[in-house]
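Taking it in order: structure first as structure tokens, then the write-up.
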Amino acid sequence: MSLAAVILTVLASVAAMEFVAWSSHKYIMHGFGWAWHRDHHEPHGNLLEKNDLFALFGAAISIGMFALGSPLVMGVHAWEPGTWIGLGVLVYGVIYTLVHDGLVHQRYFRWVPKRGYAKRLVQAHKLHHATIGKEGGVSFGFVVARDPASLKRELREQRAKGIAVLREAVDER
């Protein structure tokens, strides 16, 4: 593969992972996977959460793609793009860890952004945590963040329709 094709494959894989993360967050973590994800939405003093187990699935996708692209594993049947897709998945995992766990939830470092896209990411994810329980909610992505004002309106509409139960801080605004 040419360098341009490699770079494009890695970047496309990173972008595609945001959709994979959004859909798995909305339909799996807030669906049948709620038993693992619940502790992420509830206050606790633990270093680790059951929710962290979901990272194993991302790691498995990355490892699987690296293996598919590896001549050491697949021999002559190795599919080179697999290596670069695996790298894209890995890069997304690093971004997710730094943005979601580090910036938003302050698990690894303390920095509260005062402006710009980083502030918008934090606000959007805090609004995701504004619901009580797995029903309803907004902002299921991790790197793409919509305008917080529109997310608040959407949450109020969900509350009015009986879809979501909101925490008091959001209810009052």
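The values are calculated or read from the model by the stated rules, or taken from the named source; none is laboratory data. Bear in mind the structure is a predicted one, so any value in this text is a computation, not a measurement. Cβ placement follows ideal geometry from the backbone for every residue including glycine, while neighbour counts extend to all protein chains displayed. Areas reflect the complete protein model, heavy atoms only, side chains present, ligands, DNA and RNA absent. Shrake-Rupley method; radii C 1.70, N 1.55, O 1.52, S 1.80 Å.
Solvent-accessible surface of protein heavy atoms, probed at 1.4 angstrom with all chains present, puts MET74, MET29 in the order MET74, MET29, largest first. Taking all protein chains as shown and a probe of 1.4 angstrom, ILE163 keeps an accessible surface of around 90 Å². Proximity of backbone amide H atoms, modeled 1.01 Å from N, is registered between HIS105 and no other residue at under 5 Å, excluding neighbours fewer than 5 places apart on the same chain.
Toward the positive end of the charge dipole of the stretch 74-173, about the Cα centre and with charges on Cβ (Lys, Arg +1; Asp, Glu -1), which of PRO81, GLY93, LEU151 goes farthest? Among PRO81, GLY93, LEU151, the one farthest towards the positive end of the dipole of the stretch 74-173 is LEU151. Report in % the part of the accessible area of the chain that belongs to carbon and sulfur, leaving out ligands and nucleic acids; probe 1.4 Å. For the chain, the apolar C and S fraction of the accessible surface comes to 68 percent.
For the chain, the solvent-accessible area works out to 59 Å² per residue, with a probe of 1.4 Å and every protein chain left in place. Once the chymotrypsin sites (Phe, Trp or Tyr not before Pro) in DSSP loops with at most 14 neighbouring Cβ atoms within 10 Å are cut out of the chain, the longest remaining piece is 1-78. Amide H contacts under 5 Å for ILE132: VAL165, LEU166, ARG167, restricted to partners 5 or more places along the chain or on a different chain, H placed in the peptide plane at 1.01 Å from N. Computed from Cα atoms, the angle from the helix 80-96 axis to the main principal axis of the chain rounds to 30 degrees. For the stretch 93-173, lysine pairs with C-alpha atoms less than 15 angstrom apart, excluding pairs fewer than eight positions apart on the same chain, total 4.
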